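Below is one structure; the comments refer to it alone.
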Amino acid sequence: MNILVLNGSPKGEGSNSLKITTAFLDGLNSIKEHNIEIINISKKNIDHCHGCFVCWTKTPGKCIIKDDMAELIEKYIKADLIVWSFPLYYFGMPSKIKAFLDRLLPTNLPYIITKEDGANRHAPRYDLSHQRHVLISTCGFYDTNNNYDALIRQFEIMFDDKLTKILCAEGELFKVPELNGRTSQYLSLAKKAGEEFGKQGSFSEHTKKRLSELLYPASEFVKMANASWDISDPSADYKVQDKSHKFIKQMSATYNPQSYINDVVIEMNFIDIDKTYQLCLGKEECSVKTHDFTPYNTKIETTFELWLQLSEGKVNGPEAMMQGKYKVLGDFSTMMKMSDYFGIKKTV
Ligand SMILES: Cc1cc2nc3c(=O)[nH]c(=O)nc-3n(C[C@H](O)[C@H](O)[C@H](O)COP(=O)(O)O)c2cc1C
C-alpha cells in the first residue's frame, strides 16, 4: 500500500499529533511493510489557491502556480491511504494544510454532480474511490465534543465512509517528559489501532473507546495546563517566572490526593540556583510556598538540573543519592512515597 502522510503541524517533527501518527504507522507496518512517505507540509512551498479556475479551463488538471503542489498532487493521486496529521487550530485545520487542501482543486472536474442524498459535489478528475483517509489530530483543550465538530463534519463531507479518525484531547501533555508513563500508554494504543487497521481496515470498538479516553481527568489537566503557563495566579508576571517555580507548580498539579495519610511538607532546596520551595501536601491538594515557610517533614537538597533528570527518569534516584548528588534531611519515608504522591495516576 502507498501511504502518504501529510504532517500539517507548523511544528514539523516536534508535533504532538505526529507522535500518535508515528505510533499508528508502526502498528500498521508491523502487520505488513508499506511504502510510507511523510510530507512535512510546513517545509513545503505551497501558495494559496488564487481562485482563477485555470486548472479547470485553459490547463485542465494543472495549476498555473509554480510551487511544490504539482509534485504533491502526483503523490496524492498515487496514494492508497492518506494520513492527515495535524493539530486543531481554531476548531479547524492549520492554514497551510488548508492551503494544501484548496490546491487539490485540479483533481476535480468543473461539472456539478448531485449525490443520492442530494448533496452537490464536483466530479472527480481521477478515480480515487479506492483511497482511504485517516485523520490523526491532537488539540489543547480536554474536550473533543464542541471542539472538533466543524473539522469532523468537513472531513466526513469530503471522505464519507472512507474516513477513520484518532482525536486526542490534552495534546500538549505529549511534550511533558514527566508524564511519559501515561502518554506512552496512549501511544501503545495508537500502535494497536494501526495493527487493527492493517488487519481489518478499521479499529475495534474497544480500541475506539480507549482512544477517546482522556489522558488525565479534566480537573487535573486544567491545573497542570494552567501551571505550565503560569497564568493561574493573575498577579504573577509569567515572563519573569523562574523555570524552577514553573516546574514545582507542575509537580504540585500532578499531586494525587488519594495518597494522603497526613499533612506533609516537603522542602525543595535547589542549591545551584539558590531557590527554595515548599510543597504542602494536604487532603485535597498540594500547594506551593515560596516564602513564609513552615517546619518541614522532609527537606531535599539537590541541584535543579539533577531533580529535572530524576523526574524524567533519566537518572536513578537511589544511585544518585548514594553518590551524594542529593541530600535528604528529616523524615526519609517521604522519599519512598514520592511516586504515590506525584506523577502518573491510574486513569486506565
Ligand atoms: C493558533 C492555534 C489555535 C488553536 N486552536 C485550538 C482549538 O480551537 N481547540 C483546541 O482544543 N486547541 C487549540 N489549539 C491547541 C493545539 O491544537 C494543541 O496545542 C495541539 O496539541 C498542537 O499539536 P501539534 O504539536 O501536533 O502541532 C490551538 C493552538 C494554536 C497555536
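Observations on the structure shown:
- When Ser202 is tested against (1) closer than 24 Å to Leu88 by Cβ; (2) out of contact with any helix residue (DSSP H, G or I) (no Cβ under 9 Å at 6 or more places or on another chain); (3) at pLDDT 95 or above, exactly one condition is not met: (2).
- Inclusion of Gly330 among residues that are of a type in the set (Gly, Ala, Ser) and modelled with pLDDT of 95 or more is warranted.
- Of the criteria (1) surrounded by 14 or more Cβ atoms within 10 Å (Cβ to Cβ); (2) within 34 Å of the chain's Cα centre (by Cα); (3) in contact (Cβ under 8 Å) with a residue 24 or more places away in the chain, which one Leu101 fails: (3)
- Of all residues in the stretch 168-179, those that are within 16 Å of the ligand (Cβ to nearest atom) and either assigned to a helix (DSSP H, G or I) or of a type in the set (Phe, Trp, Tyr) (or both) total 7.
- Among the residues of the stretch 119-140, those that are closer than 30 Å to Gly171 by Cβ, touching a strand residue (DSSP E or B) at 6+ places or on another chain (Cβ under 7 Å) and away from the ligand (no atom under 16 Å from the Cβ) comprise Gln131, Arg132, His133.
- Looking only at the stretch 134-158, and only at residues there that are free of Cβ contacts under 8 Å to residues at least 60 places away in the same chain and of a type in the set (A, V, I, L, M), the one that is surrounded by the most Cβ atoms within 10 Å (Cβ to Cβ): Leu135
- Listing of helices (runs of 4 or more DSSP H) fully contained in the stretch 271-348 that carry 2 or more residues being under 25 Å from Thr183 (Cα atoms) and of a type in the set (Asp, Glu): none
- Residues of the stretch 159-186 that are without any contact (Cβ under 8 Å) to a residue 24 or more places away in the chain and either farther than 13 Å from Leu211 by Cα or among the charged types (D, E, K, R) (or both): Asp160, Asp161.
- Any hit, the stretch 110-118, residues being surrounded by 13 or more Cβ atoms within 10 Å (Cβ to Cβ) and either of a type outside the set (A, V, I, L, M, F, W, C) or away from the ligand (no atom under 16 Å from the Cβ) (or both): yes
- Test: residue in the stretch 40-60 that is touching a Gly at 6+ places or on another chain (Cβ under 6 Å) and among the hydrophobic types (A, V, I, L, M, F, W, C): yes
- If you go through the stretch 1-38 and pick out every residue that is more than 16 Å from the ligand (Cβ to nearest atom), touching an Asp or Glu at 6+ places or on another chain (Cβ under 9 Å) and of a type in the set (A, V, I, L, M, F, W, C), you end up with 5.
- Any hit, the stretch 77-95, residues being surrounded by fewer than 16 Cβ atoms within 10 Å (Cβ to Cβ), touching a residue at least 24 places away in the same chain (Cβ under 8 Å) and within 16 Å of the ligand (Cβ to nearest atom): yes
Yes or no, residue by residue, for (1) part of a helix (DSSP H, G or I); (2) among the hydrophobic types (A, V, I, L, M, F, W, C):
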| residue | (1), (2) |
| --- | --- |
| Gly27 | yes, no |
| Cys55 | yes, yes |
| Asp67 | no, no |
| Leu72 | yes, yes |
| Val83 | no, yes |
| Pro106 | yes, no |
| Leu109 | no, yes |
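- Residue count for the stretch 122-167 under the criterion of being of a type in the set (Val, Ile, Thr), more than 30 Å from Leu109 (Cα to Cα) and either touching a helix residue (DSSP H, G or I) at 6+ places or on another chain (Cβ under 6 Å) or in a strand (DSSP E or B) (or both): the result is 2.
The values are calculated or read from the model by the stated rules, or taken from the named source; none is laboratory data. In this text the structure is predicted, and so the values were computed from the model without any measurement. Neighbour counts are summed over all protein chains in view; Cβ atoms, including those assigned to glycine, are modelled from backbone coordinates with ideal geometry.
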